[in-house]
Amino acid sequence: MKFYGAGEWARHKHGETRRSWRKLHISVNPDDNEIIAFELTDDDTSDASMIGELVANSGGNIRRVIADGAYDGEPTYKAIRAARPARSPPDIVIPPREPSIPDKGDPHGGSERELHAAEIALHGRMAWQKRHGYGRRSLVETAISRIKRINDGRLKSRTFGPQQNEIAIHIKIANRNMIIARPLSERVR
């Protein structure tokens, strides 16, 4: 999300091209496309460092966590497990990066991540994606698109606190629009 922060006018006047950005990390319920958790951070925060908070703030019974390859790594798996200690652990569907894929038939350590890598080596990445429902990850991209249609990819507030409030309002609007778009027979709220 773009925003005009402190000093942005001076940067523009003097020809600097670096813009100020915020990153929006979201969690989406795949059953109804509702955004159930979000975190707004500066542009230096890594995606993988936010997954524990997103899972913890998602509430309810999470059956599956689907994320793209940027989240690959044992720290991500540990953060997800730590965020849901008292509940049944969710399935984690994150494609391992290419160097992690063993040769066909090579032994693996048995962790969930290594099992995914071995399955990709044996059956191929597309078969793995289909088997684990990885295509549902696109619902997050769709949700981000809904938010950007509301705010044009920009935050009007200049400081972090008001920006968090602003994005919370945009998410409420995006979720409300999803409810209105459903057939009347499916609306529960």
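The values are calculated or read from the model by the stated rules, or taken from the named source; none is laboratory data. These numbers come from a predicted model, not from an experiment. Counting neighbours? That spans all protein chains shown, and the Cβs are built from the backbone with ideal geometry, glycine included. Quick note on the areas: whole protein, heavy atoms, side chains included, nothing else; ligands and nucleic acids left out. Shrake-Rupley method; radii C 1.70, N 1.55, O 1.52, S 1.80 Å.
If we sort 97-105, 54-62 on the protection proxy, mean other Cβ atoms within 10 Å, highest first, what's the order?
54-62, 97-105
Taking Cα pairs under 8 Å and at least six residues apart, what relative contact order does the chain come out at, in percent?
Dividing the mean separation by the residue count of the chain yields 21 percent.
Relative to the Cα centre, what is the charge dipole magnitude of the chain, using +1 at the beta carbon of each Lys and Arg, -1 at the beta carbon of each Asp and Glu, and rounding to the nearest 20 debye?
840
For the chain, what % of the accessible area comes from carbon and sulfur atoms, probe 1.4 Å?
Details: 5890 of 11360 Å².
Solvent-exposed carbon and sulfur of the chain make up 52 percent of the total.
Please check: in the Gaussian network model of the chain (C-alpha springs, under 10 Å), which one of 63, 84, 22 has the largest mean-square fluctuation.
63
Gap in Å between the Cα centre of the range 141-162 and the Cα centre of the range 79-107?
31
Can you pick out the pairs among 104/130; 78/172; 130/172; 23/104 whose Cα atoms lie more than 26 Å from each other?
Flagged as over cut-off: 78/172; 130/172; 23/104.
With runs of 4+ DSSP H residues as the only contributors, calculate the mean residue ellipticity of the chain at 222 nm using -39,500 (n - 2.57) per run, divided by the residue total and rounded to the nearest 500.
The helix-only estimate for the chain comes to -13000 deg cm²/dmol at 222 nm.
Report the convex hull volume per residue for the range 16-96, counting only C-alpha atoms, in Å³. Write down the numbers at each step before the final one.
Working: hull volume 8.5 nm³, N = 81.
Hull volume over Cα atoms, normalised by residue count, gives 105 Å³.
Per residue, how many Å² of accessible area does the range 26-92 show with a 1.4 Å probe?
48
What translational diffusion coefficient, in µm²/s and rounded to a whole number, does the Stokes-Einstein relation yield for the chain at 37 °C and a viscosity of 0.692 mPa s, taking the hydrodynamic radius as the Kirkwood radius over Cα pairs?
Using the Kirkwood radius from Cα pairs, D works out to 176 µm²/s.
Size of the dipole of the range 49-156 about the Cα centre, Lys and Arg at +1 and Asp and Glu at -1 on the beta carbon, nothing else charged, in debye to 20?
680
Any idea what angle helix 138-151 forms with the longest principal axis of the chain, computed on alpha-carbon atoms, 0 to 90 degrees, nearest 10?
0
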